[in-house]
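The structure appears right after this line, and notes come after that.
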Amino acid sequence: MEQKLNHFDEKGNAVMVDVTDKAETERRAVARGTIHVTREIFDAIASGTVRKGDVLGTARIAGILAAKQTPHLIPMCHPLLLTKAAVDFELHEDTLSVDAVCTVKLKGQTGVEMEALTGVSVALLTIYDMCKALSKTMEIGEIHLEMKSGGKSGTYVRKEEV
């Protein structure tokens, strides 16, 4: 079955989707991304010795603020009254990387996938910004939606490739 894209009108113009008649449901999205760093940067983040300050604390706040500001960044996103926006981090010494995980929730008429993805992206960019004096070789990637629930399309859970 072909999925119709609903961000375009009958003339092909980009439009904001009308969600007026959609039912309010609890909606949740979780996104994840990774920044690969040098040994020096990893150790500085882990020990809290980066000159600019608390890297993960600052990145957490930046990610939460970004999730809340998504409609100002992505043109067709609805302004949403988020009931939860959280950013957590996982440090992986074996790969010299830091994962950011953003969870966003609300009860509303449209999903929060873009808010979770935006939160992760800005959290990772903040890590880069705070550590770039040590090395500019960091690499951000692997940003993806891990899961979403609620709404007409139901639940989606990303399956890891084997």
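The values are calculated or read from the model by the stated rules, or taken from the named source; none is laboratory data. Since the model is a prediction, treat every value here as computed from it, not as a measurement. Quick reminder, even Gly has a Cβ in these numbers, built from the backbone with ideal geometry, and neighbours come from all protein chains shown. Quick note on the areas: whole protein, heavy atoms, side chains included, nothing else; ligands and nucleic acids left out. Shrake-Rupley method; radii C 1.70, N 1.55, O 1.52, S 1.80 Å.
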Do we have any residue at all in region 74-94 that's open to solvent by less than 20 Å² (accessible area, probe 1.4 Å), out of contact with any helix residue (DSSP H, G or I) (no Cβ under 7 Å at 6 or more places or on another chain) and either part of a loop (DSSP other than H, G, I, E, B) or touching a residue at least 24 places away in the same chain (Cβ under 8 Å) (or both)?
no
Please enumerate the residues belonging to region 8-47 that are open to solvent by less than 60 Å² (accessible area, probe 1.4 Å), farther than 22 Å from SER121 by Cα and either modelled with pLDDT of 95 or more or outside any strand (DSSP E or B) (or both).
ASP9, GLY12, VAL15, VAL17, VAL19
Of the criteria (1) crowded, with 20+ Cβ neighbours inside 10 Å; (2) under 16 Å from the mean Cα position of the chain (by Cα), which one MET130 fails:
(2)
All but one of (1) open to solvent by 60 Å² or more (accessible area, probe 1.4 Å); (2) out of contact with any Cys (no Cβ under 6 Å at 6 or more places or on another chain) hold for MET114; state the number of the condition that does not hold.
(2)
Note on region 117-141: residues among the charged types (D, E, K, R) and part of a loop (DSSP other than H, G, I, E, B) are LYS132, LYS136
